[in-house]
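Here the structure is laid out as structure tokens; the discussion comes afterwards.
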Amino acid sequence: MEHLLTKISCNTPELKEKALDELKNVCLQCKACELCKTRTSVVFSDGNPNAKIILIGEAPGADEDATGTPFVGRAGQLLNTFLTEAGFDRQKDFYICNTIKCRPPQNRVPTNEEKLACQSYLMGQISIVKPKIILLCGATAAHSFIEQDFKISQIRGKWLNIFDDIEVMPIFHPSYLLRNHSLEQGSPRWLMKKDLENVKNKLNELL
Ligand code: SF4
């Protein structure tokens, strides 16, 4: 995976924002896969380009397609609650994007061809932002970075060695947590809380 990251020298916040704006402008015109025909918006990113954490989801849903912003629907609102409870500020502490930037019809899982077509935008975002931590939110995002077969429940909460100098952790997608309400010890919501506490501790170690 490391080889997919371009060496981009953005030494100041201003240069980083400029490089991301340029990449976004290319992405907004993109017709590299069939999803360009059905999208309303290209959903590029949200949050802070100078954040130390990138959170990567699956793909835009209906609310995201309508607004052009990732994680703004019910799942995004639940994610916000978890982030706030863990002591994070979404807009300051995270740069948020998706594996693919256009909504698949009926929210189906993106195909491998679509993920491949969109990969250069995601890798560009990581190269420019240069985070210390990447959170892979849900199975689709995790499968884009891990070749072996796995269930998200087996690998969530683990620190993975995928990139030099970047700590990577898969976590549950909030849409899965919308279907699992229990807060009991060992439940998905309880595990998400523990994972984000772990991320907070790791960030404090790395700063
Ligand atoms: S999903 Fe990605 S590759 Fe496909 S049209 Fe949208 S921006 Fe381009």
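A Förster distance of 22 Å, applied to the separation of the beta-carbon atoms of Gln77 and Arg108, puts the FRET efficiency at 0.45. With 0.36 nm allotted per residue and the present C-alpha distance subtracted, the Asp149-Ala66 stretch has 26.6 nm of extension available.
Dipole orientation for the range 147-207: of the candidates Gly186, Gln148, Leu203, Gly186 has the Cα lying most toward the positive pole (charges on Cβ; Lys, Arg +1; Asp, Glu -1). Let me make sure I get this right: for the range 1-90, a, b and c are the square roots of the gyration tensor eigenvalues over alpha carbons, sorted descending. Under 1.5 in a/c it's rounded, otherwise prolate if a/b > b/c, else oblate. Which is it? Cα axes put the range 1-90 in the oblate bin. Per residue, the chain reaches -12500 deg cm²/dmol at 222 nm when only DSSP H runs of four or more residues are counted, each adding -39500 (n - 2.57). A simple rule links phi to the HN-Hα coupling: the Karplus curve 6.51 cos²θ - 1.76 cosθ + 1.60 with θ = phi - 60°, which for the range 8-24 gives 10, 9, 10, 8, 10, x, 5, 5, 4, 5, 5, 5, 5, 4, 5, 5, 4 Hz, with x for Gly and Pro.
For the range 137-207, GluC sites (Glu not before Pro) meeting the loop criterion (DSSP other than H, G, I, E, B) and having at most 11 other Cβ atoms within 10 Å: Glu147, Glu184.
The simple spin-label model puts a point 7 Å past each Cα toward its Cβ; for Lys202 and Ala32 those points are separated by 2.6 nm. Each Cα pair under 8 Å and six or more residues apart adds its separation to the average, and for the range 17-206 the resulting relative contact order is 23 percent. 3J(HN,Hα) along the range 65-74: 4, 6, 9, x, 10, x, 6, 10, x, 4 Hz, from the Karplus curve 6.51 cos²θ - 1.76 cosθ + 1.60 with θ = phi - 60°, whole Hz, x for Gly and Pro.
Values in this text are rule-based calculations from the coordinates and carry no lab data. Note that this is a predicted model, so its numbers are computed, not measured. Cβ: placed from backbone, ideal geometry, glycine included. Neighbour counts: every protein chain shown.
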